[in-house]
Amino acid sequence: MKNLSVYYCPVCGRYSYCLPAEVPVCPVCNKPMAFLIKYTSFCRMNREERDKLLIRKIIANNPSVTEHFLAFMRSSANGEAATLIDSHIQQLKSENKKLNETIQWMHQTIWDLLAKNKELESRLNNSLQNSVQPSNNDTSAKIN
């Protein structure tokens, strides 16, 4: 950890932890990142101090603050959007699971009702046949 250094992207302000021999490339801008500070010093800073250091370095290398600020906001917005999308995806998956369970329940209920209906039809046919057969026997007995 003592050999690690913090590098930052001079375009969008993203930072990365790397060994000094490596020069990282920004995953957003695809530009080489610049040395910011040693990792141990970076860890001792609070978030506000880190942000101030990063802003000072960006301004020192390129005074076009608005471009950097907008690039940073865009990259942050993408991360925030991704977080919102992830939570929305989880919510949709949960709803989808509930809907699938409901569909399975409805499907099973329909099949159960169809089976009961078929059983009732069979009983009805049997009782109709039983009630009709004695009448036929009675008429055949009267004819003889």
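The values are calculated or read from the model by the stated rules, or taken from the named source; none is laboratory data. From a predicted model like this one, the values you see are computed outputs, not experimental measurements. Every residue, glycine as well, gets a Cβ built from its backbone with ideal geometry; the counts of neighbours run over all protein chains shown. All accessible areas refer to the heavy atoms of the entire protein, side chains included, with ligands and DNA or RNA removed. Shrake-Rupley method; radii C 1.70, N 1.55, O 1.52, S 1.80 Å.
Across the stretch 29-38, the number of residues qualifying as crowded, with 17+ Cβ neighbours inside 10 Å and under 34 Å from the mean Cα position of the chain (by Cα) comes to 1. Restricting the stretch 10-26 to residues that are modelled with pLDDT of 85 or more and assigned to a loop (DSSP other than H, G, I, E, B), which is least open to solvent (accessible area, probe 1.4 Å)? Checked the stretch 10-26; the qualifying residue least open to solvent (accessible area, probe 1.4 Å) is CYS26. Among the criteria (1) open to solvent by 90 Å² or more (accessible area, probe 1.4 Å); (2) modelled with pLDDT under 75, the one ILE103 does not fulfil is (2).
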